[in-house]
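Remarks on the structure that follows.
The values are calculated or read from the model by the stated rules, or taken from the named source; none is laboratory data. Note that this is a predicted model, so its numbers are computed, not measured. Reconstructed Cβ throughout: ideal geometry from the backbone, glycine too, with neighbour counts over all protein chains shown.
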Amino acid sequence: MEPQFIKTVTLIESILQSNTEEAYSEVFEQYDGDIYQILMIVDWREEDEAIVEYCENILQTGSLGTETQNADNPQGFMITLYYRDQALIIPYQGEGADRDTTLKALNQILQPDYEIRFCVISDGSDTLEFLPLPQSLWQKLDQKYSHNIDQFFRRFEQDSAFFG
């Protein structure tokens, strides 16, 4: 297991073993470190580039970033995600950027190395929580806690709408 994620997995396991919403709140409230080193806490008004920065601060890949350029499109700009040797233009629809599209594009470019999951307990708030981890750790947690992991940490789907 990657050393920087040992504490995160321990926290996740304590939530899944308790299997209660209260355990989720208690675990993260009692966490004595910087919660921003574990969770991406995203406000509905967040700058989309900041979401990528939050993720990089947690994963520490050394190669995840963005570039924003002016563009002749409905948004008036284009944001390109970069990870390792990959580039992905975030496929915004309509006017302006939106957090859902940014999060799904970010999750896509990180695959298969990493996966971001939605912390279901934060649903309904204007500030949502997301948890990025190496894909291999999510797979181990999925196997061990297949009965309840999705009720706490939901995978992204094509039609996932977090802020919509």
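Go through the residues of segment 136-159 one by one and say whether even a single one is in a strand (DSSP E or B) and touching a residue at least 12 places away in the same chain (Cβ under 8 Å).
yes
Pick from segment 18-33 the residues that are under 21 Å from SER125 (Cα atoms) and among the acidic types (Asp, Glu): which of them is modelled with the lowest pLDDT?
GLU29
Can you name the condition, by its number, that LEU39 falls short on among (1) hydrophobic (A, V, I, L, M, F, W, C); (2) more than 29 Å from ASP150 (Cβ to Cβ); (3) touching a residue at least 12 places away in the same chain (Cβ under 8 Å)?
(2)
Can you find even one residue in segment 43-57 that is modelled with pLDDT of 95 or more, within 13 Å of the chain's Cα centre (by Cα), more than 24 Å from ASN148 (Cα to Cα) and among the aromatic types (Phe, Trp, Tyr)?
The answer is yes, given that some residue of segment 43-57 is modelled with pLDDT of 95 or more, within 13 Å of the chain's Cα centre (by Cα), more than 24 Å from ASN148 (Cα to Cα) and among the aromatic types (Phe, Trp, Tyr).
Exactly one condition in (1) under 24 Å from PRO3 (Cβ atoms); (2) acidic (Asp, Glu); (3) out of contact with any helix residue (DSSP H, G or I) (no Cβ under 8 Å at 6 or more places or on another chain) is false for GLU67; which is it?
(1)
Take segment 51-87 and flag every residue that is more than 21 Å from ASP113 (Cα to Cα) and not hydroxyl-bearing (Ser, Thr, Tyr).
GLU67, GLN69, ASN70, ALA71, ASP72, ASN73, PRO74, GLN75, GLY76, PHE77, MET78, ILE79
Restricting attention to segment 84-124, which residues are within 15 Å of the chain's Cα centre (by Cα) and part of a strand (DSSP E or B)?
Applying the first criterion (within 15 Å of the chain's Cα centre (by Cα)) to segment 84-124 yields 98-123.
Within segment 84-124, TYR114, GLU115, ILE116, ARG117, PHE118, CYS119 qualify.
Could you run through segment 11-31 and say how many residues are within 18 Å of TYR114 (Cα to Cα) and loosely packed, with under 13 Cβ neighbours inside 10 Å?
Result for segment 11-31: 0.
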